[in-house]
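For reference, the structure discussed in these notes is given below.
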Amino acid sequence: MTQVDGPLSFTPLREDDLPLVAVWRGRPHVARWFHGPLDAAQTREKFLPRISGAEPVRVSIVRCAGEPAGYIQEFRVGDMPRVMAALQVDPEARGLDMLIGDAADTGRGLGTRVVREFSDGLLADARVPLVVIAPDVDNGAAIRCYEKAGFAAVRQVPSTFDDRTNLLMERSRPA
């Protein structure tokens, strides 16, 4: 269990982080919403192109009080054609996806802090008009987390990975 009120930091994902990512992706509270677990080979296949910059998704390990607590990934929506088609938002918007690795750390405010602080950083860039996130419509815990972080529900959208339905949520720069 992580000290969830400690300082947060976001460090770029490295290859030596991948075994921990595979462990997190295999945990039931994560696998349920992330299309099942990934083994070591699948984790490398999915994340090495992101680490190298071959894919336009930037992944960061979230550390709380110096301890790895999860990851967050960010992308420019316009760089992801399937996502752009599903969400129909400004192409300069930034999309997020995140997870908390240990189930004992969920429901304690950590996810809200992570999403709020990370999106604050993105919205500090005047070129970024809004930040979006699209949890599964049945993932009530994630939806509540994002609402507490300042995101507002906009509409239901199709998942770009399977036949599920997601809830598009947006957070804009404060006026």
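For D163 and A126, the difference between the fully extended length at 0.36 nm per residue and the C-alpha to C-alpha distance is 9.8 nm.
Please compute, over every Cα-Cα pair in segment 8-172, the percentage with a separation greater than 20 angstrom. Intermediate results must be reported in sequence, preceding the final value.
Details: 6653 of 13530 pairs.
For segment 8-172, the share of Cα pairs beyond 20 Å comes to 49 percent.
Okay, helix-only estimate at 222 nm for the chain: each DSSP H run of n ≥ 4 adds -39500 (n - 2.57), divide by all residues, round to 500 deg cm²/dmol; what do you get? Kindly include the intermediate steps, with their values, before the conclusion.
Details: 6 runs with 56 residues, N = 175.
Computed mean residue ellipticity for the chain: -9000 deg cm²/dmol.
Would you mind counting up the charge near R32? Only other residues with Cβ under 13 Å from its Cβ, with Lys and Arg at +1 and Asp and Glu at -1. Computed value for this residue: 0.
What's the extension gain from D138 to D79 if we count 0.36 nm per residue and subtract their Cα-Cα distance?
Working: separation 59, 0.36 × 59 = 21.24 nm, distance 2.70 nm.
Value of the extension gain: 18.5 nm.
Take every DSSP beta bridge whose two residues both sit in segment 8-172; close to 90 percent of them are antiparallel.
Here the chain is treated with +1 on each Lys and Arg Cβ and -1 on each Asp and Glu Cβ, and its dipole about the Cα centre works out to around 220 debye. Computed extension gain for R27 through R155, at 0.36 nm per residue and net of the alpha carbon distance, reaches 43.2 nm.
Pairs of alpha-carbon atoms within less than 8 angstrom and 6+ residues apart define the contacts here; what relative contact order does the chain have, in percent? Could you put the intermediate results ahead of the total?
Numbers: 304 pairs, mean separation 32.7, N = 175.
Once divided by the residue count of the chain, the mean separation gives 19 percent.
Laboratory data are not the source of any read-out in this text; all were calculated from the coordinates shown. Fair warning: this is a prediction, and the values are worked out from it, not measured in the lab. Neighbour counts are summed over all protein chains in view; Cβ atoms, including those assigned to glycine, are modelled from backbone coordinates with ideal geometry.
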